[in-house]
1. Among the strands (runs of 3 or more DSSP E) contained in the stretch A:473-564, which hold 1 or more residues that are closer than 30 Å to A:Asn439 by Cβ and at pLDDT 95 or above?
2. Look at A:Ala143 and say whether it is more than 9 Å from every other protein chain (Cβ to nearest Cβ) and not in a strand (DSSP E or B).
3. Among the strands (runs of 3 or more DSSP E) contained in the stretch A:302-420, which hold 1 or more residues that are farther than 30 Å from A:Ala531 by Cα and either touching a Lys or Arg at 6+ places or on another chain (Cβ under 7 Å) or without any contact (Cβ under 8 Å) to a residue 12 or more places away in the chain (or both)?
4. Look at the stretch B:190-214 and say how many of its residues are buried (at least 24 other Cβ atoms within 10 Å of the Cβ) and of a type in the set (A, V, I, L, M).
5. Please state which of the following conditions A:Pro112 fails to meet, knowing it meets all the rest: (1) in contact (Cβ under 8 Å) with a residue 60 or more places away in the chain; (2) facing another protein chain (nearest Cβ under 10 Å); (3) touching a Ser or Thr at 6+ places or on another chain (Cβ under 6 Å).
6. Within the stretch B:77-96, count every residue that is of a type in the set (Val, Ile, Thr) and in a loop (DSSP other than H, G, I, E, B).
7. Cβ contacts < 9 Å: first residue over 19 Å from B:Asn201 (Cβ atoms), restricted to the stretch B:133-152; second residue buried (at least 17 other Cβ atoms within 10 Å of the Cβ) and among the charged types (D, E, K, R), any location; separation 6+ or different chain. Result?
8. Among the listed residues A:Leu57, A:Leu89, which satisfies the condition of being surrounded by 15 or more Cβ atoms within 10 Å (Cβ to Cβ), hydrophobic (A, V, I, L, M, F, W, C), over 30 Å from A:Glu244 (Cβ atoms) and at pLDDT 75 or above?
Amino acid sequence: MTRRPSDTPAAAGGVPDGTPAAGAGPTAAGGSLPPALGGLPPAVELRGITKRFPGTLANDSVDLTVRRGEIHALMGENGAGKSTLMSVLYGMERPDAGSIRIDGVEVSFGSPSAAMAAGLGMVHQSFKLFDSLTVAENVVYRAEPRRFGLVDRAAARRRVRELAAEHGLAVDPDARVGELPVGLRQRVEILKLLHRGARTLILDEPTAVLTPAEADALFVVLRSLTARGRTVILVTHKLREVLEGSDNVTVLRDGRVVARLRTADTSGAGIATAMTGRAVELDRVFPPGTPGDVVLDVEGLSTAGVHDVRLSVRAGEIVGIAGVAGNGQSELVETLAGLRPAAAGRVVLRGEDITNASATERRAKGLAYVPEDRHAVGTAPAASVADNLAMGHHRTTLSSRHGLLPPSAVRSHARDLVERFGIKASTPDVPASALSGGNLQKLLIGRELAHAAPLLLVEQPTRGVDIGAIQAIHDELIAYRDAGHAVLLVSAELSEIRGLADRVLVMYEGRVTATYDRSDASEATLGLAMAGGAERSADPAASVGAPARTTAAAPLDTPAPDGD
Amino acid sequence: MFFDSDLLMSALRALTPILLAALGGALCERAGVFNIGLEGMMLMGCFTAVATSWFTGSPWLGVLAAALAAAAYSLILAVGTVTLRGDAVVLGIAMNLLAVGLTSFLLRTIFGVQGTFDDPSLAGLPLVGGFSPLAYLAWAAVGVSALLLSRHVWGLRLRGVGEAPDAAATLGVSPARYKYAAVLLSGVLCGLAGAQLALGNVTLFSENMTAGRGWIAVVAVMLGRALPLGVLLAALLFGLAEAAGFRLQGLGMPQQATDAAPYVVTLVALFLSTAQRRRRNARTTGVAS
């Protein structure tokens with residue numbers, strides 16, 4: 001009967017009460033500090049942080065000051081050093097030089113637990129949750145309320161409800177985390193940190209997996225946290241949410257701080273220029289294509305996770321499929337690519353029924369495919385760049401008699417594509433795993449475009465890719481379309497869909513619930529449809545996830561968080 | 001009558017070693033260590049129990065020594081998988097093979113016999129109310145481990161470690177410590193299982209006397225989904241199969257056929273449970289929630 005978090009209402013004021021936090025807060029340690037009146041020390045102050053990895057200088061004397069009660073965005077492209085900096089702050093990496101102050105007290109963390117004890121908490125991009133445990137168990141893990149050595153489940157539930165009510169993070173304490181939608185899992189992560197008394201929350205790319213409505217809801221929660229004196233560090237590369245949701249922005253490039261901006265005084269273009277080091281045009285919208293004959297015709301296609309999908313793609317057009325991850329897009333594309341059997345329906349490619357054709361037959365009949373998972377499905381990471389570029393082409397242009405691949409042909413093929421698509425690889429002989437994410441994606445897209453197949457299926461072409469690479473990839477896709485090919489594009493990025501697609505379909509719970517011409521596909525319309533808002537057809541099955549959706553969508557009605 | 005209280009009693013006696021070993025396996029499973037070395041650990045327990053009982057005259061010291069020896073033997077798995085990040089399947093198989101060879105070798109060098117060591121003055125475990133004291137211990141262990149896993153702080157952390165070691169580590173829980181603890185506990189339980197087999201069910205040691213019971217325990221862990229109560233039910237099934245085998249033998253069926261009963265049940269049970277799980281998976285992916 002030692003610690004019962006529910007017995008400490010002071011927790012509302014941010015007093016740490018979890019096991020690791022007890023007595024370790026800087027307020028307890030820094031007895032010499034004057035009680036701050038007006039001149040509060042910054043919540044987080046990094047000075048001259050330098051971190052070297054073999055071959056790279058990940059952080060080069062980085063300064064970062066985060067005031068208490070603000071939402072501070074840390075921006076930068078992949079490899080700019082954001083993650084390293086946060087790993088240093090969170091005790092996962094030791095800096096080679098520099099100092100860290102939390103609330104004015106110099107600290108040196110040997111582990112994330114030490115950082116947590118000092119009032120920091122991180123929500124990792126890939127959630128660190130226990131899927132088979134309940135929400136309450138996840139929240140109290142390692143800081144459990146106890147009775148007689150057993151976990152006091154009633155107290156744990158109560159604690160979750162209290163924290164949830166206080167911060168508008170409604171979630172059922174008894175639900176299994178593995179069965180929750182992503183938006184709610186994120187809430188569990190935040191609750192976990194709050195239970196441990198975190199005063200500064202670090203969120204790594206928090207909206208990457210959320211619907212626009214869920215993202216809005218998240219920012220309402222973050223605002224309520226900062227209104228209560230907590231501090232939020234937002235690590236992200238999404239400009240829009242930074243502009244709408246943050247107070248200050250620090251931009252990293254090549255391991256150095258290149259800009260410190262007040263959000264209110266800046267624009268998206270300004271930040272993007274700082275991130276990339278050159279002027280960039282954001283969210284480009286390309287002129288529409290000129291559609292020709294139907295290339296792909298899908299009728300009533302169903303498989304596990306996909307219900308009665310009907311769509312067609314014409315030559316010279318890009319059809320975009322929008323939707324939150326996990327609503328059947330992957331299953332649909334895999335079925336079209338021949339990786340999954342269709343349970344019902346018909347797939348016709350250029351007049352030929354390919355419903356039951358193998359992946360090889362489909363490719364032979366004119367289909368190319370850029371899968372979502374470029375590491376596990378799209379490429380063979382241990383094989384060389386040249387071999388990866390040859391894959392698929394080994395049946396066609398590269399094949400010779402006797403089934404042998406002439407090494408010279410493979411090499412020249414690789415050199416061609418490397419040059420044409422601007423793939424940065426020291427030689428075509430390095431393993432594909434040595435490429436950065438953006439370059440690997442260019443390799444994959446280049447390889448598939450090189451087939452010049454009448455139909456291209458492309459999933460999440462720019463996920464986790466730098467602004468520069470995004471632009472190159474978009475230009476390539478548009479050029480491919482303008483050359484008279486049909487493209488079916490699946491993306492979770494609305495700006496990508498809206499910029500590229502001539503028509504937009506929205507998938508929700510395995511069905512195509514809405515179809516828009518590009519001109520009608522506003523961000524708000526698509527966002528609502530992605531959250532199930534287009535499905536007014538009284539589908540009884542849709543009520544299963546209803547509570548979650550209502551809570552996630554509710555903040556749509558509340559005013560957007562103001563930007564100061 | 002074929003199914004009567006005698007059959008149940010002999011089933012309960014037969015299940016004790018499997019149950020003890022399977023509970024150990026379940027703990028490992030929950031901690032994220034796939035332990036298929038139960039058979040070897042158990043065999044080490046059998047030999048140590050008999051040897052200690054023989055030289056000290058006390059079956060209780062035999063039980064204690066068996067638990068310690070099997071726990072020490074389980075360190076191979078703990079160090080190999082947790083510290084050295086080796087493959088648990090390879091290690092488990094190696095441990096099982098090594099145990100057969102090692103105990104046969106020790107049987108020859110210490111007792112100077114081959115095959116079976118059997119002596120009227122070898123002290124076995126007494127019966128209390130028709131059962132070995134270890135049988136009661138095994139039943140108690142079901143309750144204790146169920147409570148430990150579902151309600152105790154240690155159990156919660158152990159389950160977390162087994163489910164997502166990274167997540168546990170970020171919260172300051174050392175996955176290695178919990179995995180070591182689970183493997184060592186499984187060693188102790190397998191040692192007790194071995195002692196029960198060699199000093200309870202019979203009073204002798206013979207080469208490879210576990211005869212696949214450790215493997216059946218592995219299957220019991222799978223069938224019981226690593227839940228103590230589930231494991232108990234699975235072990236009961238195998239106990240019944242073994243007892244029914246004896247009964248059939250008494251009815252004139254050839255021993256080779258009746259001895260196979262537990263293994264046939266194992267195969268059937270595995271097949272049915274996999275089929276069921278596949279159906280369920282198909283259903284959930286069909287809903288795509």
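1. Answer list for the stretch A:473-564: A:486-491, A:503-508.
2. It is false that A:Ala143 is more than 9 Å from every other protein chain (Cβ to nearest Cβ) and not in a strand (DSSP E or B).
3. On the way: elements: A:306-314, A:318-322, A:344-349, A:367-370.
Here the list reads A:344-349.
4. Within the stretch B:190-214, residues that are buried (at least 24 other Cβ atoms within 10 Å of the Cβ) and of a type in the set (A, V, I, L, M) number 6.
5. With (1) in contact (Cβ under 8 Å) with a residue 60 or more places away in the chain; (2) facing another protein chain (nearest Cβ under 10 Å); (3) touching a Ser or Thr at 6+ places or on another chain (Cβ under 6 Å) applied to A:Pro112, the lone miss is (1).
6. 0
7. Close Cβ pairs satisfying both conditions: B:Leu149/B:Arg30; B:Leu149/B:Arg159; B:Ser150/B:Arg159; B:Arg151/A:Arg153.
8. Just a single option satisfies the conditions, and that option is A:Leu57.
The values are calculated or read from the model by the stated rules, or taken from the named source; none is laboratory data. Quick caveat: nothing in here was measured; it's all calculated off a predicted structure. Note: ideal-geometry Cβ built from the backbone for every residue, glycine included; neighbour counts use all protein chains shown.
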